[in-house]
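In what follows, a structure is listed as structure tokens, so that the remarks can point back to it.
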Amino acid sequence: MNTATLSLIQGFLQQIGGRGPQGLSPWAIREDAIAASLQTVRAIRSPQSMGEAATNVVSINRRGSPIANGSFATRVGNVAIVPVIGPLVSRFSWQYWSYDEIVRDLRLVGSMPDIEATILDMDTPGGMVDNVDSVPAEIARLREKMPVYAHANFCCSAGYWIASAAEKIVASKTGLVGSVGALIRYVEMEGILTRLGANVVEIIAEQSPNKRLSRDSDEGKAELQAIADDGAELFIQGIVANRGITRDAVLEKYGQGLVFTAGEALRRGLVDEIASLEDVLTELAGRRESTSLAASATAKAGTEKESTMLTLDQLKAEHPDLVSALRAEGAADAAQAERDRLLGIEEHAAGLVGHDELVKKLKADGKTTPAEAAAQILAAEKVKNADRLKGLEQLDQAAAGVNSTLSGGAEGGPQKFPQTAEGWKAEWEATPKLQQEFPTAESYVATMKRKAA
């Protein structure tokens, strides 16, 4: 089995796994758009682009500059643009966009004091139900600080679930929106694995006879149907909470799985407006300008009254108790600010391993803000992932000389391996009889070396 085939099978098996019964997770996704979305995400995830974040971000949305090194979120003035692209999965993956990544970008935006609005740039067919609710929850927290809009170019299934949490959903003129619902696709892999030389053994405990219900039985189908129905209901309830409508209205107007063009989505209430991303940027910039004008007016009014204010020396002389209280309050505020700084750094480092020394250093310097820490931690994580990718590429190169022919395959002969340490190890791994005779690959390699000598 060549490395490309092995990688494909391993990646697929990892993605269909989940937390539900039988290792399944329901999906909210448009199947017909997956291939094109995967092409986009893989282009973004290419090894060349990982070290060129600025260039890569421009290739995604052609607007703004990165908000931090290693992040694909950008900014135009004081407005952040957070991408939500391609098939969505729970955790970080080289092939897919992940909810963890979107949440991290939203937290990074929220920690930057000069960002005053956020746009979710939606171009996704949807994704896994598992962990999708973490994104609307983070959007709700961010909306306490600033307006958050969603711009929908292609916004379906789990993507729409996310967009529904925004203050406003704006669709492009050519946008597609909808596909409210969930599905489960079960792929039986044992036939493929057996042809590749695997021996699949499964023992089910007597205490758990329902552990592996047949997919062809009524009970097995009912189990899968219950998982899919639960995912769809969570989706519907999320829309009810985010959009402020009733469950009956969702079932009546939102298509029960259909996808709508922008005009029809507006008529049915799935979106609030039809406009380009540039129009949304202009609207948010106008809101920001209005806020700035109001702040300027307040500052001007305060300046006109300066002549009646006490000087610092007068305040110390006439109100020493007040000065002492203010100093104490300032010290308490400073202590609270430091606690908030440390907690912010810990929050950005949550879930990432291998960066303990960096986090310790950032917390100890007394000046690094959570936003600055997030940028450094994210950059370190990107470097670590890039090193891991290089290691995998080196393994692929090491295996390039292995010539393997499956028994009964196109060439009709047994598997052949080169007479090298790598070849003997591969032969041991592919031959159950050798594994019974030799406890480890190393012991078999040592024996073959002695015979060759």
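Can you figure out the FRET efficiency of Leu196 with Ala222, using R₀ = 25 Å and their beta-carbon distance, to the nearest 0.05? Once the sixth-power term is evaluated, E becomes 0.20. Computed about the Cα centre, the dipole magnitude for segment 168-270 is approximately 800 debye when only Lys and Arg (+1) and Asp and Glu (-1) carry charge, each at its Cβ. In straight-distance terms, cross-link reach from Lys253 covers every one of the aspartates and glutamates whose alpha-carbon lies under 12 Å from its own, apart from those fewer than eight places away in the same chain; here that gives Glu264. Straight-line cross-link partners of Lys433 among the lysines, defined as a Cα under 24 Å from its Cα and at least 8 positions apart when in the same chain: Lys416, Lys425, Lys449, Lys451.
Given an 8 Å cut-off on Cα distances and at least 6 residues of separation, report the relative contact order of segment 344-388 as a percent.
45 percent
Charges were assigned to the Cβ only: +1 to each Lys and Arg, -1 to each Asp and Glu. The resulting dipole of segment 54-185 about its Cα centre is roughly 200 debye.
For Gly86, the residues whose amide H sits under 5 Å from its own are Asp123, Thr124, ignoring neighbours fewer than 5 places away on the same chain, with H placed 1.01 Å from N. For segment 200-210, backbone phi angles converted through the Karplus equation (6.51, -1.76, 1.60; θ = phi - 60°) give residue-by-residue couplings of 7, 10, 9, 10, 9, 5, 5, 6, 10, x, 8 Hz, Gly and Pro being listed as x.
Every number here is computed from the coordinates shown, using simple stated rules; none is lab data. Note that the coordinates shown come from a computational prediction; the quantities given were computed from them, not determined experimentally. FYI the Cβ positions are ideal-geometry reconstructions off the backbone, even for glycines, and counts take in every protein chain you see.
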